[in-house]
Amino acid sequence: MNLHAVRKASAYLIGSPTVLVCVGSGLSAESGVPTFRGPDGMFTDPRIANFTQVDTFEREPEAMLTWYQERRTQLNSVRPNTGHAALARMTNTGNYTIATQNVDNLMEAACKAEGIEAAIHHLHGLLSQVRCHECGKHFDDLSFDLSRCPRCEACGGRLRPGVVWFGESLPEPTLEMCMQAARDADVCLMLGTSGLVYPAAALPEMARSHGAKLIEINTELTAHSDLCEVIVRGSTATVLPVLERVIRDAAH
Ligand code: BV8
Ligand code: ZN
C-alpha cells in the first residue's frame, strides 16, 4: 500500500470536514459479496447482467427472482469486513454522509458493532426489502422466498426485491439528500466503485463542481480517477484501517 498516498488523503480528512462517501460493491468484496464488474464480477455472465434490468422482470421473472433469492440467502452468511468497520469509525471524525450503491446491510452492521450512528443512504435500495411491483407496498422481511414468485397480500401484485433496477428511477428523497451532501462536501471519498452507473456516478462530479476534493480508494483505476486529488490503489479492507488510524493519530 502506498503510505504516502494514504497520508496525502488523510490531510484532507483531518479537522472534521464535511465528507460525502460514495460506496460501491468493492467495499463489500472482502466480505465475500461478489462485485458486478471486473474479472470475477457477476456481470461476466451476461445472463446475470440482464437480471438487473427492469424489462427482464417482464420476460423471465422466475429466473430473475431465483437469482435475487440466492443473493438474499447469501446475506445470512456474510459479515462486515475491516473496511466497513474503519469507515464506521471515520464517520466520528467529521460530518459524514454515506451514499452507498450496495444493497447489502453490511455498513449498518459495522456501525452497530462499533456503537456508531451514521447517515447511510441506499441509492439502489436493499436486498433485505421486498416490495410489490404493482402497488409499491413494502415488506422488510427476509423470510419471503422470492424464487416462489409470491404475491402481494394487499393487491395480488408481483413481489420483487426492494432494489432499483436499470430503467427504474432511484428513490427521489434519497437521491436528493445525497445530491445535497455532494453540494455541501469539502471531500468526496470514493470507495470500491467503478463510477459507471448513473445517477450515482454523478455525485462525485457534482461534489467536485462545488469545490470538493476527490479521493479514490480502489484496486483499479476507474471512470473518476482523472478527477481525483488522491488515488490510493489497494483494497478498502486494508487501506481504510490505516487511513482511519492516521486520521485518529493526527487528532491527538
Ligand atoms: C435511472 C440493482 C432514470 C441492484 C443496479 C447512458 C448514459 C448514462 C446513463 C444511462 C445510459 N443509459 C441508461 C442509463 C441509466 C442507467 C445507467 O447508468 N447505465 C449505465 C451502466 C450506462 N442507470 C439507471 O437506469 C438508473 N436509473 O437512471 O433512472 C431512468 C428512469 C426510467 C428510464 C430510464 C432512466 C438505475 C441504476 C441502478 C442499477 N441497479 N443493480 C442490485 O441488484 O444490486 S446496478 C449495479 O451496478 C449495482 O447496483 C451497483 O450499485 C452498480 C455500480 O457498481 P459498483 O458498485 O460501482 O461496482 P462494480 O462491480 O461496477 O465495480 C466494483 C469496483 O470495486 C471496481 O472499480 C473494482 O476495481 C473495485 N474493487 C473490487 N474489489 C475491491 C475494489 N475496490 C477496493 N477494494 C476492493 N477489495
Ligand atoms: Zn400490491
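For the reader, a short list of remarks on this structure follows.
- Only one of the numbered conditions (1) of a type in the set (Gly, Ala, Ser); (2) without any contact (Cβ under 8 Å) to a residue 24 or more places away in the chain; (3) in contact with a strand residue (DSSP E or B) (Cβ under 9 Å, 6 or more places away or on another chain) is not met by residue 157, and that is (2).
- So residue 38, is it among the small types (Gly, Ala, Ser), away from ligand 2 (no atom under 16 Å from the Cβ) and buried (at least 16 other Cβ atoms within 10 Å of the Cβ): yes
- Scope the range 54-91; condition in contact with a helix residue (DSSP H, G or I) (Cβ under 9 Å, 6 or more places away or on another chain) and surrounded by fewer than 16 Cβ atoms within 10 Å (Cβ to Cβ); matching residues: 59, 60, 62, 63, 70, 78, 79
- Positions within the range 128-154 being touching a residue at least 12 places away in the same chain (Cβ under 8 Å) and either small (Gly, Ala, Ser) or assigned by TED's automatic domain parsing to the domain that holds residue 203 (or both), in sequence order: 128, 147, 154
- The range 1-51 - residue that is of a type in the set (Gly, Ala, Ser) and in a loop (DSSP other than H, G, I, E, B) and, of those, nearest to residue 82 (Cα to Cα): 31
- Test result for residue 94, at pLDDT 95 or above, more than 13 Å from ligand 1 (Cβ to nearest atom), of a type outside the set (A, V, I, L, M, F, W, C) and open to solvent by less than 50 Å² (accessible area, probe 1.4 Å): yes
- Residue match in the range 218-228 (condition: touching a residue at least 12 places away in the same chain (Cβ under 8 Å), open to solvent by 20 Å² or more (accessible area, probe 1.4 Å) and assigned to a helix (DSSP H, G or I)): yes
- Residue list for the range 107-147, restricted to those being within 16 Å of ligand 2 (Cβ to nearest atom) and in a loop (DSSP other than H, G, I, E, B): 133, 134, 135, 136, 137, 140, 141, 144
- Checking residue 161 against (1) part of a loop (DSSP other than H, G, I, E, B); (2) open to solvent by less than 20 Å² (accessible area, probe 1.4 Å); (3) within 16 Å of ligand 2 (Cβ to nearest atom), the condition it does not meet: (1)
The values are calculated or read from the model by the stated rules, or taken from the named source; none is laboratory data. Given the structure is predicted, the values throughout are model-derived calculations rather than measurements. Note that each Cβ is placed from the backbone with ideal geometry, even for glycine, and that neighbours are counted across all protein chains shown. All accessible areas refer to the heavy atoms of the entire protein, side chains included, with ligands and DNA or RNA removed. Shrake-Rupley method; radii C 1.70, N 1.55, O 1.52, S 1.80 Å.
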